[in-house]
Amino acid sequence: MKEKEINRAKSLTLKALPTFCVLPTVAVASDTLGLFASECSIFHVLLYFFLVEFCVFIDHYYILHKFKIHSHGIHNIHHSFRTIDSWAAFAFHPLDGLSQGLPVVYVAYAVPVPAVVVYFFIIFVGVWTIFIHTKTGINIPLLLCYDHHSVHHRLNWFNFGFVTQFWDWCFGTLKAR
């Protein structure tokens, strides 16, 4: 990435940083209010993950890309980075990141999972976001890795999912490098 683009990505990331605290704050408040389950089965964890995947796909594809309902094009800020790296991972409008992160919390209101599952997924979202924006050379079958996400940044109309290729496969938006 060119030095000017790296500096722009760093600046956007640092500006969005306070908004990234909203997701864990909502999770802690929900936990304090007793809105999460005290225990659950593996079925509930898998259902939770499945629904988070679905909600992120719907938000990313339909709301941020296709309809631009709440984004008014703000997702384009993130897509202005054609060469992606760890700084570009979080270089987007705060509302853009929040809209894709909130399913981690609000799906837990519908699927009874304990707070520890939600906290784990909040951390996982951050790590996965860096992973798909960093050229590691690691490609895991059935998951959306760097190669898929670089196609997403380059062509803009493919690979909208969160972690797995499932929803992109179902909606016909899956494209390999």
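Readers should treat all values here as calculations from the given coordinates under stated rules, not as data from a laboratory. Since the model is a prediction, treat every value here as computed from it, not as a measurement. All Cβ positions, glycine included, derive from the backbone under ideal geometry; neighbour counts span all protein chains shown.
Quick check on segment 73-91. Is at least one of its residues out of contact with any strand residue (DSSP E or B) (no Cβ under 9 Å at 6 or more places or on another chain), within 17 Å of Val28 (Cβ to Cβ) and surrounded by fewer than 20 Cβ atoms within 10 Å (Cβ to Cβ)? Don't jump to the end; show me each part of the working.
To start, the set of residues in segment 73-91 that are out of contact with any strand residue (DSSP E or B) (no Cβ under 9 Å at 6 or more places or on another chain) comprises 73-91.
Applying the additional criterion that residues be within 17 Å of Val28 (Cβ to Cβ) yields none.
Checked segment 73-91: no residue is out of contact with any strand residue (DSSP E or B) (no Cβ under 9 Å at 6 or more places or on another chain), within 17 Å of Val28 (Cβ to Cβ) and surrounded by fewer than 20 Cβ atoms within 10 Å (Cβ to Cβ).
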From Phe36, Phe57, residue being within 28 Å of Asp168 (Cα to Cα) and not hydroxyl-bearing (Ser, Thr, Tyr): Phe57
Residues of segment 21-30 satisfying the condition of being in a helix (DSSP H, G or I) and farther than 13 Å from Val104 by Cα: Ala29
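Can you name every one of the helices (runs of 4 or more DSSP H) wholly within segment 93-177 that holds 3 or more residues which are surrounded by fewer than 13 Cβ atoms within 10 Å (Cβ to Cβ) and without any contact (Cβ under 8 Å) to a residue 60 or more places away in the chain?
Those helices (runs of 4 or more DSSP H) span 115-132.
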